[in-house]
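*Asks:* The structure follows.
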């Protein structure tokens with residue numbers, strides 16, 4: 001039985017506009033440019049740098065979060081290179097959806 005590893009964010013650092021270095025409990029790290037995925041109702045507001053810079057570590061969910069309750073699953077963050085293109089394409093499509 002293949003069991004999926006549950007990753008936890010243990011620390012992070014905002015390096016520049018929309019770019020965060022993420023450190024995981026397994027000792028790995030990712031440097032992630034979030035700008036391509038900042039679309040839609042939840043992540044779109046994070047294009048406001050004042051809001052983006054208010055990121056904090058959620059000690060319960062073990063990921064980082066923003067005041068508007070936006071967050072990312074630690075497994076997606078840990079394996080960002082595998083997810084980033086599809087996630088960015090999906091996020092751009094959210095801007096086209098009008099309720």
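*Asks:* Do we have residue 89 as at pLDDT below 95 and under 14 Å from the mean Cα position of the chain (by Cα) here? So that I can check it myself, show each step before the final result.
*Replies:* Details: at pLDDT below 95: yes; under 14 Å from the mean Cα position of the chain (by Cα): no.
No: the conditions fail for residue 89.
*Asks:* Another question, then. Determine if region 72-84 includes at least one residue that is out of contact with any strand residue (DSSP E or B) (no Cβ under 9 Å at 6 or more places or on another chain), touching a residue at least 40 places away in the same chain (Cβ under 8 Å) and surrounded by 13 or more Cβ atoms within 10 Å (Cβ to Cβ). Give the derivation first.
*Replies:* If we filter region 72-84 for residues that are out of contact with any strand residue (DSSP E or B) (no Cβ under 9 Å at 6 or more places or on another chain), which is where we start, we get 75-76, 82-83.
Of the ones still in play, those that are also touching a residue at least 40 places away in the same chain (Cβ under 8 Å) are 75.
Now restrict to residues that are surrounded by 13 or more Cβ atoms within 10 Å (Cβ to Cβ): 75.
So far as region 72-84 goes, yes, one or more of its residues are out of contact with any strand residue (DSSP E or B) (no Cβ under 9 Å at 6 or more places or on another chain), touching a residue at least 40 places away in the same chain (Cβ under 8 Å) and surrounded by 13 or more Cβ atoms within 10 Å (Cβ to Cβ).
*Asks:* Would you pick out the residues in region 52-67 that are surrounded by fewer than 15 Cβ atoms within 10 Å (Cβ to Cβ) and touching a helix residue (DSSP H, G or I) at 6+ places or on another chain (Cβ under 9 Å)?
*Replies:* Of everything in region 52-67, those that are surrounded by fewer than 15 Cβ atoms within 10 Å (Cβ to Cβ) and touching a helix residue (DSSP H, G or I) at 6+ places or on another chain (Cβ under 9 Å) turn out to be 61, 67.
*Asks:* Please verify whether region 33-44 includes one or more residues that are out of contact with any strand residue (DSSP E or B) (no Cβ under 6 Å at 6 or more places or on another chain) and on the phi > 0 side of the Ramachandran plot.
*Replies:* Looking through region 33-44, at least one residue is out of contact with any strand residue (DSSP E or B) (no Cβ under 6 Å at 6 or more places or on another chain) and on the phi > 0 side of the Ramachandran plot.
*Asks:* Count, please, the residues in region 56-67 that happen to be closer than 16 Å to residue 18 by Cα and either in a loop (DSSP other than H, G, I, E, B) or modelled with pLDDT under 90 (or both).
*Replies:* Qualifying residue count, region 56-67: 2.
*Asks:* Moving to a separate point now. Does at least one position in region 36-45 carry a residue that is more than 13 Å from the chain's Cα centre (by Cα) and crowded, with 17+ Cβ neighbours inside 10 Å?
*Replies:* yes
*Asks:* When residue 16 is evaluated against the numbered criteria (1) at pLDDT 95 or above; (2) over 21 Å from residue 95 (Cα atoms); (3) touching a strand residue (DSSP E or B) at 6+ places or on another chain (Cβ under 8 Å), which criterion, by number, is the only one it fails?
*Replies:* (3)
*Asks:* Say whether the condition of being closer than 21 Å to residue 25 by Cα, part of a loop (DSSP other than H, G, I, E, B) and in contact with a helix residue (DSSP H, G or I) (Cβ under 7 Å, 6 or more places away or on another chain) is met by at least one residue in region 78-85.
*Replies:* The answer is no; no qualifying residue exists.
The values are calculated or read from the model by the stated rules, or taken from the named source; none is laboratory data. In this text, all values refer to a predicted model and were calculated from it rather than measured experimentally. Glycine gets a Cβ as well: all are built from the backbone with ideal geometry, and neighbour counts include every protein chain shown.
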